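A short reminder: the numbers here are calculations on the coordinates, not readings from a lab. As the structure is a computational prediction, the values presented were derived from the model and not from experiment. Because the Cβ atoms are built from the backbone with ideal geometry, glycine has one as well, and the counts that use them run over all protein chains shown.
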Amino acid sequence: MRRTVILAAVGVALAAGALTAASAADKPPPKAGKALSREGLFAGPDFRKIVSDAKAKVFPAVVYIRCLRESRESGKKITQEVSGSGVVISAAGEVVTNWHVIHKASKVRCLLYDGSPLTADVVGKDKDTDLALLQLKLPQGAKPLPYAAFGDSEKLREGDFVMAMGAPWGLNRSVSIGIISCTRRYLPGSSEYSRWLQTDAAINPGNSGGPLVNTAGQIVGINTRGSTGGSGLGFAVPSRNVQFVVSQLRKHGKVAWTWTGLQLQPLKDFNRENYFEGTEGVIVAATDPDSPAREAGIKPSDRILAVNGKAVSALREEDVPAVRRLLGLLAKNKPARLTVRRGGKETAITITPREKGKVEGDELDCPRFDFTVKAINQFATPQLYFHRKQGVYVFGVKQPGNALVAGLRPKDIILRVDGRKIATLEDIEKVHRALVDNVEKRHRVQLVVLRGGLMRLIALDFLRDYERD
């Protein structure tokens, strides 16, 4: 009875954030550097001390990040200030954060734990994993910075306590506590090469890029996503994946993913209600047009059993990212051998992956036309890539503006301007500059666009200058 009362009291105190030692004061403290589960904490020493010790190891390495970002979604180039978090991972001032925190940033400013403001350079970034590596610009003769060490995310178990650190809503120096809710979370469309750590530690806007920390004071993840539809849902990139990406960004400034064009699905696909016999391999759902997979003759419903002799298996959807990662790390332009089962027979198929390259097109603003344009990219805009493998489309339309009056819409593919063929951003930049420079003599121009697969003629009058009106 006494133990039950004590455990109940401990549970209430924990919910209030003020757990104190109960009857376990006579038990030895945990070994240094060992992360504790919920059961270990209940049976161990004062929880506040454990949290305080773990926080003390990482909190001095947490960085508040503010960026000046160039945005063109509104039809013109504007500069916005956005904020996020990061964590110092080396004494020389390397900082890990999210790709979406520094994306399109023209300037990155960081506020350190001791109040020092520093600017930072972007060493490398990877949209596919939503990670980026920064280098703080340290003054001459600066002392080594406090930094945090990585822990092994593969050792985490559901129920393990963690802390999310960062600057939620721009509130610098914040820490929230919770547990690991799931160590193998799969988020369709958001985790091509890795799974996520799910936690109920509060992750809000501004926490992005900050560390998820275990009770040993180690980074076990990088906070990346929070839920806008409910509380208790936060997601972090596992530290094992972070360490791999960081090593690539240090060397190359990017992760050199390769592309096969294989669309995969698990053997037991609950969402699609497709269930295949056996427990080995992964199913080919489809192959992308003009892809190495289609060129190699791989077909839908093929079962891939091995890649270069290494067995692969994706029984459930959370197993698929590991297979995609294996394929994504194949050497570019070097033949790879896939062992495939088709019609009950095994066969070897050679596939030559290509470099994935950019996963998002470059942008350009066209003042006086009052729209912005962006290059078509097969990964960012596959529906437009279907119509034009190379081209330029309307990215944003200014309101009010000449393009809006003319009837141009976002996602219109621009084929011709004033009779001149448009295939690249350079093409439209030249035409735009020549026309605007001569606006007093001629201010009407005809555009040929492709909208929903159908051609349209658009008459654009750019005489009015909405910036001055």
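What is region 181-271 by shape, rounded, prolate or oblate, if you read a ≥ b ≥ c off the alpha carbon gyration tensor as root eigenvalues and call it rounded for a/c under 1.5, prolate for a/b larger than b/c, and oblate otherwise?
oblate
Just how large is the dipole of region 264-355 about the Cα centre, in debye to the nearest 20, putting +1 at every Lys and Arg Cβ and -1 at every Asp and Glu Cβ?
Using only the charged Cβ atoms, the result is roughly 340 debye.
Under a cut-off of 16 Å between alpha-carbon atoms, report the lysines in cross-link reach of K310, not counting same-chain residues fewer than 8 places apart.
The reachable lysines, counting only those whose Cα sits under 16 Å from K310, number zero.
With a/c under 1.5 counting as rounded, go ahead and sort the chain into rounded, prolate or oblate using the C-alpha gyration tensor (a ≥ b ≥ c being the square roots of the eigenvalues; past the cut-off, prolate if a/b is larger than b/c, else oblate).
Here the chain falls in the oblate category.
Among A423, F59, S239, whose Cα lies farthest out toward the positive end of the dipole of the chain, if unit charges sit on the beta carbon of Lys, Arg (+1) and Asp, Glu (-1)?
Most positive-ward Cα: A423.
Can you tell me which of 183-192, 437-446 comes out highest on packing, and rank the rest after it, using the mean Cβ neighbours within 10 Å?
The peptides rank, most packed first, as 183-192, 437-446.
Within the chain, which whole H helices from DSSP have a Cα span along their axis of at least 30 Å and a mean Kyte-Doolittle hydropathy of 1.6 or more, if any?
none
Under unit Cβ charges (Lys, Arg +1; Asp, Glu -1), what dipole magnitude, rounded to 20 debye, does region 363-461 have relative to its Cα centre?
That gives a dipole near 340 debye.
So what is the relative contact order for region 241-293, in percent, with contacts set as C-alpha pairs under 8 Å and at least six apart?
Result for region 241-293 is 36 percent.
What percent does the relative contact order of the chain come to when contacts are Cα pairs within less than 8 Å and at least six residues apart?
Dividing the mean separation by the residue count of the chain yields 11 percent.
Starting from 0.36 nm per residue, how many nanometres of slack lie between A142 and A434 once their C-alpha separation is accounted for?
Using 0.36 nm per residue and subtracting the Cα-Cα distance, I get 100.1 nm.
Multiplying the sequence separation of T347 and K104 by 0.36 nm and subtracting their Cα-Cα distance, what value in nm do you get?
82.9 nm
In whole Hz and in residue order, list the ³J(HN,Hα) couplings for region 454-464 that follow from phi through the Karplus curve 6.51 cos²θ - 1.76 cosθ + 1.60, θ = phi - 60°; x for Gly and Pro.
In residue order, the calculated couplings are 10, 7, 9, 9, 10, 9, 9, 9, 10, 5, 6 Hz.
Counting alpha carbon pairs within less than 8 Å and at least 6 residues apart, what relative contact order, in whole percent, applies to region 201-290?
18
Given a cut-off of 29 Å, name the pairs among K137/K334; K127/K398; K254/K389; K137/K398 whose C-alpha atoms lie farther apart than that in the structure shown.
Flagged as over cut-off: K137/K334; K137/K398.
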